[in-house]
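A quick write-up on the structure given underneath.
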Amino acid sequence: MNIELSENYSFEEYRSLFYRILDEKKLNKTSERFHILRAIYDTDGHFTVNTLYNKLKSKKYQVSKTTIYNTLSLLESFYLIEKHNFGGSCAQYEKCDTSTSHDHIIIIDTDEIIEFKNEKLNLLIKEIEDTYKLKVARRAFTLFCHKK
Ligand SMILES: [Zn+2]
């Protein structure tokens with residue numbers, strides 16, 4: 001199954017994509033998985049397994065970290081979320097759709113994460129796509145920096 005990313009998903013669209021994925025993988029549409037998806041959808045910006053786990057726990061939802069890990073990797077394999085390894089102790093995740101596409105700068109000394117968009121970089125990627133007759137499916141551009 002190939003999911004064509006669109007812009008600004010409503011929760012209903014996001015949920016129906018997720019259910020298509022579960023159907024394809026022959027997995028049950030459990031309330032655990034539904035709560036995880038809702039929590040991801042409601043999160044703006046980056047999150048870790050722990051922040052997601054704590055968010056669900058504070059809402060009194062019984063969800064195991066294993067189910068969170070499995071759900072995240074399922075969503076990641078269909079490009080509905082992105083996994084970032086910014087060098088900290090745990091991976092960071094974020095939702096992705098075409099409207100939120102951006103790149104990252106990591107300030108190594110402080111672990112600060114700066115998100116940026118650069119039109120010249122987008123044009124360069126477009127040029128690479130045209131030159132090699134390819135379509136970028138996933139993009140990971142991160143600069144690891146020291147402050148000057
Ligand atoms: Zn980001």
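Listed by chain and number, the aspartates and glutamates whose C-alpha is less than 12 Å from the C-alpha of Lys60, apart from same-chain residues fewer than 8 away, are Glu32.
Rounded to the nearest 0.05, the FRET efficiency derived from the C-beta distance between Asn70 and Glu127 at R0 = 41 Å is 0.60. Screening the chain for whole DSSP H helices with an alpha carbon extent of at least 30 angstrom along the helix axis and a mean Kyte-Doolittle hydropathy of at least 0.5 yields nothing. A simple count of charges around Lys57, restricted to other residues whose Cβ falls under 13 Å of its Cβ and scoring Lys, Arg +1 and Asp, Glu -1, yields +3. Legend: residue pairs Lys65/Lys148; Lys29/Lys117; Lys55/Lys95; Lys26/Lys117; Lys26/Lys133, Cα-Cα distance threshold 28 Å; pairs beyond threshold, Lys65/Lys148; Lys29/Lys117; Lys26/Lys117; Lys26/Lys133. Both radii are taken from the alpha-carbon atoms of the range 26-148; with Rh as the Kirkwood radius, Rg/Rh is 1.02.
A simple charge model with +1 on the Cβ of Lys and Arg, -1 on the Cβ of Asp and Glu and nothing else charged puts the dipole of the chain at about 580 debye relative to its Cα centre.
Rule-based calculations on the coordinates, nothing more; no lab input. These numbers come from a predicted model, not from an experiment. When we count neighbours, we look across all protein chains shown, and the Cβ atoms used for this are built from the backbone with ideal geometry, even at glycine.
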